[in-house]
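Have a look at the structure below, then the notes.
The values are calculated or read from the model by the stated rules, or taken from the named source; none is laboratory data. The structure displayed is predicted, hence computed values, not measured ones. Cβ coordinates were reconstructed from backbone atoms using ideal geometry, including for glycine residues, and neighbour counts include every protein chain displayed. Accessible surface is based on the protein model in full, side chains and every heavy atom, while ligands, DNA and RNA are left aside. Shrake-Rupley method; radii C 1.70, N 1.55, O 1.52, S 1.80 Å.
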Amino acid sequence: VTDYYRIDGANHANRFYKNLALTDNTAVYWGNSNDFYIKHNAINTELVNSTGHVYISNYADDKNIYFQSDDGSGGVTTYFRVDGAGENVQYAKNLLLYDNVNLLIGSGGDLQMYHNGSTTYIRNNTGTLEVRNQTSGASDVYFKTTTSAPSLDTFIILDGSAEQTQFTKNTEHQDGVKALFG
C-alpha cells in the first residue's frame, strides 16, 4: 500500500504522491474568483490571469529562467534566457520587431530605433549621441550605402590606423555652406 493523495491537516496542505492527470479541456483554477487558470485542450496550453500582475520568479542563487521552443528540426532550443549570474537577458535567436514598433533604450526610452516599412530612424532624445568603435588596436568605421547600381559602396571611412577621415565619393557643399579648414 502506498499513498497517492493525502490531506495533511497538520500543515494545511493537500499532498499528491503520484501524477495528477487531467483530461483535455479541464482547467485548474486559483483564486476566490477563479482569477488564474491553466488549461490544455489537446492542441494548445493556456495560462490565463485575469487580475493583477504575473510574476515568474526563480529564487535559486545564480540560476536562470529559460524560454525554449521547437528549433525547426524536431528538437528544442533556448530562444532567450534570464541569466541570474550575469544579471542580464541573453537572446540566442534573432529579435524581430515588426514595422512601426520602436526599440526603446534607456529608462525613459531616450534612444529609439524605429522602422516604418521603408525608412529606418535612430533617434537620441537626450544628451549626446556618440558612435564608437573600441576594438583593441587601430580599427575603422565605414559608412556605406547602395548606389544607383544595386551595389554597396563605401562613402566615408574613419581610418583608425591612418588617423584620418577618408571620403571615397565626391562631396558637394550647397550654396551658402562653407568648408572650414584650420
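Give me the Kirkwood hydrodynamic radius of the chain in Å, from all C-alpha pairs, to one decimal place?
Value: 24.2 Å, from the Cα pair sum.
Just want the answer: with Cβ charges of +1 for Lys and Arg and -1 for Asp and Glu, which residue in Asn88, His115, Ile156 is farthest toward the dipole's positive end in the chain?
Positive-most Cα among the choices belongs to Asn88.
Just subtract the alpha-carbon distance of His173 and Thr78 from 0.36 nm times their residue separation and send over the number in nm, one decimal.
29.1 nm is the gain from fully extending His173 to Thr78.
Any chance you could look up the accessible area of Val89 with a 1.4 Å probe, heavy atoms only, rounded to 10 Å²?
Solvent-accessible area, nearest 10 Å²: 80 Å².
Can you classify the range 1-76 as rounded, prolate or oblate using the Cα gyration tensor, where a ≥ b ≥ c are the square roots of its eigenvalues, rounded means a/c under 1.5, and otherwise it's prolate if a/b beats b/c and oblate if not?
rounded
Be a star and scan the range 44-69 for residues whose amide nitrogen sits under 14 Å from the point 7 Å along the Cα-to-Cβ vector of Asp35.
Answer for this model: 48-55.
Placing +1 at every Lys and Arg Cβ and -1 at every Asp and Glu Cβ, with all other atoms neutral, what dipole size does the chain have around its Cα centre, in debye to the nearest 20?
The dipole magnitude comes to about 320 debye.
Counting pairs of alpha carbon atoms under 8 Å apart in space and at least six apart in sequence, what relative contact order in percent does the chain give?
7
Enumerate the lysines that Lys169 could reach by cross-link, defined here as Cα to Cα under 16 Å, with residues fewer than 8 away along the same chain left out.
Lys144
Quick check: net charge around Gln166, other residues with Cβ under 10 Å of its Cβ, Lys/Arg +1 and Asp/Glu -1?
-2
Using a 1.4 angstrom probe and counting only protein chains, how large is the accessible area of Val54 in Å², to 10?
So the heavy atoms of Val54 present about 100 Å² to solvent.
Heavy atoms only, probe 1.4 Å: what % of the accessible area of the chain goes to carbon and sulfur, would you let me know?
Of all accessible area on the chain, carbon and sulfur atoms account for 49 percent.
Relative to the Cα centre, what is the charge dipole magnitude of the range 1-85, using +1 at the beta carbon of each Lys and Arg, -1 at the beta carbon of each Asp and Glu, and rounding to the nearest 20 debye?
Around 260 debye, computed over the range 1-85.
If you roll a 1.4 Å probe over the heavy atoms of the protein chains, what accessible area per residue do you get for the chain, in Å²?
For the chain, the per-residue accessible area is 86 Å².
Explain nothing, just the number: dipole magnitude of the range 91-168 about its Cα centre with +1 on each Lys and Arg Cβ and -1 on each Asp and Glu Cβ, in debye rounded to the nearest 20.
In total the dipole reaches around 240 debye.
Quick one: order Glu172, Glu46 from most to least accessible surface, probe 1.4 Å.
Final ranking, largest accessible area leading: Glu172, Glu46.
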